[in-house]
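Below is one structure, written out as structure tokens; the observations come after it.
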Amino acid sequence: GSVGRSEFFRCCSAMAMDGGTARILTMLSVLAVLVSVDVSPAFLRYFLIVMVSMRVILDIGQYLTPHESMKNRFEKVSKPNSSPRTYRAPESISVYSPSSSSSNARNAYNASRTPPHYGVNSPPATVPSKFATFTSTPIKAVPSVHHVSPYSDIQYRPSVREEGQPHYAEHDVDELALHDLALQELHDQRISLRAIEMHSQRIRCLIAQDILRPLCASLRQNDADLIELRKTLGKDASFAQSVVGTRLGSCDPSNAVEIAAYVREYLGSVPELQTLIVARNELDFFLNIPRCAEDTPTGFDASLTFPSEYVRERVEKLSRDSLMNDYHWDQGAPFKGKSWSSDIAPTDTQLLLHIFARWIDTQVQPRGSFSKSYITYRPSHIPAKKMMAPIMIEQVSVVPPYFTIRTKDPAGKVKISHPLPGRHVLFNTLALFIHHVNRYYNGQVCRSRLSLLAKSWSARAALQQIDDVDDDEDPESDVD
């Protein structure tokens with residue numbers, strides 16, 4: 001009885017109940033056991049008398065000599081803390097009220113942004129301004145029994161850049177303006193913020209589960225076939241002594257890329273190897289990411305590509321989980337002991353956009369027409385180019401990545417749509433692009449229906465049109 005009213009029963013039965021209820025249930029259980037074993041009524045009567053007597057004695061003893069913990073608890077309740085406490089927000093906290101009139105233009109934006117759904121390196125959302133306003137000046141806090149939040153010493157960062165990336169001071173005002181512009185465009189199209197976020201998450205799962213994982217499985221299978229081919233050809237004595245056999249035998253037996261290069265160059269005309277060579281060319285089609293070039297029609301130079309070894313390693317790492325937790329929207333990963341830079345390797349955003357486009361290229365006719373017609377690169381200081389398709393994704397910035405969607409109506413008028421900027425700009429762009437294709441262009445790209453390109457039900461749901469907001473629902477209700 002002195003240990004506590006419910007701790008014993010809470011630990012033993014994993015149930016939270018008051019002590020009286022727990023004891024009554026225990027007594028009833030004991031009585032049921034005694035009745036089931038055919039105990040005499042006299043024994044049951046003596047047992048009840050003993051239990052009631054013990055209960056009365058324990059209650060009287062606790063009333064006369066209360067436990068020290070209960071005594072301290074009663075004293076705290078009867079004597080509330082009369083001295084006001086002064087609270088000073090830590091210097092590492094950077095939280096501002098949306099209604100505060102600060103000179104910094106990003107304060108309202110920082111406070112209004114909520115952490116992403118994907119839960120990587122982001123603290124919980126901030127407290128609305130109608131409940132509390134945190135500043136650097138000391139304020140008097142009302143005495144409370146609540147504990148201090150474990151996130152009080154964490155600096156909140158909006159989901160517009162990775163934590164490891166430098167501060168883009170020259171893009172701050174543009175990001176704020178683009179965010180407001182994108183919200184206004186979503187409101188005009190009767191699309192809620194919650195709907196665009198849910199559709200972006202579906203596209204993220206589509207890329208991870210239906211594109212990256214099958215691609216990695218095909219790469220591993222093709223590597224095994226090439227290594228097995230080298231072993232088989234090496235067993236032939238006449239072939240091993242030839243010039244081609246000597247060169248093939250000199251390459252690394254575990255390096256499938258080097259073996260594929262030799263097979264493609266010296267054995268490309270062998271009919272028995274055509275299937276293997278064609279499969280390797282299809283996979284290299286995914287791994288060769290072109291660099292941006294302003295003087296080309298599409299903005300990309302296919303003759304200048306990023307290292308395929310880096311792309312292979314990055315794809316393998318991103319495909320390990322369904323949500324690509326290692327995804328960095330405005331940077332990549334170190335390569336060969338060097339830190340990442342845009343000159344060495346592409347950003348994860350550019351990498352995933354390329355693989356998504358190649359995935360569609362392999363399923364439409366003519367092959368590769370989607371990347372050439374629907375995706376282009378054009379910096380903001382270059383005049384707009386002629387549109388190769390009625391709708392296209394236009395990359396206007398590499399670091400930090402940002403895109404626009406250009407659409408052309410039957411009259412020839414071009415309209416530009418702006419997706420939400422930030423960490424999920426790629427998935428927001430693809431969600432808006434797929435929505436426009438399904439709503440205004442009969443769901444077709446390159447004369448193929450977009451929703452039929454996916455095999456699984458979840459992937460087809462990601463390629464569908466975003467549900468519009470009902471007339472009685474406010475599109476901006478999720479923003480607050």
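What follows is calculated from the coordinates using simple rules that are stated; it is not laboratory data. Quantities reported herein were computed from a predicted structural model and do not represent experimental measurements. Heads up, the Cβs are rebuilt from the backbone with ideal geometry, glycines too, and the neighbour counts pull from every protein chain shown.
What the table below lists for this structure:
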| read-out | value |
| --- | --- |
| Inter-probe distance in nm under a simple model that places probes 7 Å from Cα toward Cβ, at Arg439 and Ser53 | 8.2 nm |
| Contour minus Cα-Cα distance for Ser269 and Glu309 (0.36 nm per residue) | 11.8 nm |
| Over segment 193-474, equivalent-ellipsoid semi-axes from the Cα gyration tensor in Å | 38, 20, 19 |
| Packing-based ranking, highest mean first, of 204-217, 28-41 given that Cβ atoms within 10 Å are counted | 204-217, 28-41 |
| Length added when fully stretched, Leu31-Lys413, from 0.36 nm per residue minus Cα-Cα | 129.0 nm |
| Greater than 21 Å apart at Cα, pairs in Lys317/Lys372; Lys386/Lys408; Lys317/Lys455; Lys408/Lys455; Lys386/Lys413 | Lys317/Lys372; Lys317/Lys455; Lys408/Lys455 |
| Rough spin-label spacing in nm, given labels placed 7 Å along Cα→Cβ, for Lys336 and Asp180 | 4.6 nm |
| Theoretical gain in end-to-end length, Ala224 to Val39 [0.36 nm per residue, Cα-Cα removed] | 59.2 nm |
| Assigned charges on the beta-carbon of Lys, Arg, Asp, Glu; segment 193-474 dipole about Cα centre (debye) | 540 debye |
| Ranked list, fewest to most other Cβ atoms within 10 Å of each Cβ, for Ser254, Ser200, Ser369, Ser448 | Ser254, Ser448, Ser369, Ser200 |
| Rh (Kirkwood; distinct C-alpha pairs) - segment 282-363, Å | 13.3 Å |
